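One structure is given here, and the rest of the page talks about it.
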Amino acid sequence: DTAVSQTPKYLVTQMGNDKSIKCEQNLGHDTMYWYKQDSKKFLKIMFSYNNKELIINETVPNRFSPKSPDKAHLNLHINSLELGDSAVYFCASSQAGGGTGELFFGEGSRLTVL
Amino acid sequence: KNEVEQSPQNLTAQEGEFITINCSYSVGISALHWLQQHPGGGIVSLFMLSSGKKKHGRLIATINIQEKHSSLHITASHPRDSAVYICAPSARGQSGGGADGLTFGKGTHLIIQP
């Protein structure tokens, strides 16, 4: 069984559209994350979320919003997509937050905005 | 802000060689992660450490908290070790980065030739 799974793996869409990427973890972890990896392969945190707290990286536009229906899921919604949103988005989870727990990553979702 | 420097940026070696990748950071940390990303794109956590040394198979990670430095070593390197290796220290109190305290290095692109 895949520990952290993301869907879709590939997403091609037009500028201005709204899209979602889903993430599920079956590890029983308390904290989930979304990361963005740009064309230069640099990873940056977008959100950290557990049952109690959503922490948003201040550089993330408010067109991006995480939605967590339960502890095992953290979906990423993106409104009014822009060309610069093209990237690979990774979901991850850990038992402990604040970067002190081992991270388990999904396989990534490659978003291409045309 | 936590400044993270990895070296070398690129490394090509012959199969069997001993490999060392270095990571320096600028603020006090609670933990440091070493991640591996293969050309296919998935990210795997290799180590999370806060002191001393950890070993897993042919991989060894060390950290010197006082010197703010960590190294990842690969013994008897093999072509399947070819990947990007990313260092990510987690600053104490999230003072160094984003929503999870992690700041990612730019990665070391390792190629092991047969």
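The values are calculated or read from the model by the stated rules, or taken from the named source; none is laboratory data. All figures in this text were calculated on a predicted structure; none of them were measured in a lab. A quick note on method: Cβ atoms are made from the backbone with ideal geometry, for glycine too, and the neighbour counts reach across all protein chains shown.
Among the numbered conditions (1) within 14 Å of chain A (Cβ to nearest Cβ); (2) more than 12 Å from B:Leu110 (Cβ to Cβ), the only one that B:Gln6 does not meet is (2). Taken over region A:55-97, the criterion of being touching a residue at least 24 places away in the same chain (Cβ under 8 Å) and within 17 Å of B:Thr103 (Cβ to Cβ) is satisfied by A:Phe90, A:Ala92, A:Ser94, A:Gly97. The residue of region B:25-36 that is modelled with the lowest pLDDT, among those that are more than 10 Å from the chain's Cα centre (by Cα) and at the interface with chain A (Cβ under 8 Å from one of its Cβ atoms), is B:Ser30. Here A:Ser48 fulfils each of the conditions (1) in contact with a Gly (Cβ under 7 Å, 6 or more places away or on another chain); (2) more than 28 Å from B:Lys1 (Cα to Cα); (3) within 13 Å of chain B (Cβ to nearest Cβ) apart from (2).
Contact map, region A:38-49: first residue farther than 10 Å from B:Gly105 by Cα and polar (S, T, N, Q), second residue at pLDDT 85 or above and buried (at least 22 other Cβ atoms within 10 Å of the Cβ), Cβ cut-off under 6 Å, separation 6 or more or different chains; pairs are A:Ser48/A:Tyr33. Filtered by the rule that a residue be farther than 13 Å from A:Ser109 by Cβ and touching an Asp or Glu at 6+ places or on another chain (Cβ under 9 Å), region A:15-46 gives A:Met15, A:Gly16, A:Asn26, A:Thr31, A:Tyr33, A:Lys44, A:Ile45. I'd like to know if region A:97-108 contains one or more residues that are touching a strand residue (DSSP E or B) at 6+ places or on another chain (Cβ under 9 Å) and away from chain B (no Cβ under 13 Å). No, the conditions are met nowhere in region A:97-108.
Among the criteria (1) surrounded by fewer than 19 Cβ atoms within 10 Å (Cβ to Cβ); (2) within 14 Å of chain A (Cβ to nearest Cβ); (3) under 12 Å from the mean Cα position of the chain (by Cα), the one B:Thr20 does not fulfil is (2). The strands (runs of 3 or more DSSP E) found entirely in region A:1-107 that carry 2 or more residues being surrounded by 17 or more Cβ atoms within 10 Å (Cβ to Cβ) are A:4-7, A:19-25, A:31-37, A:43-49, A:54-56, A:64-67, A:75-78, A:87-94.
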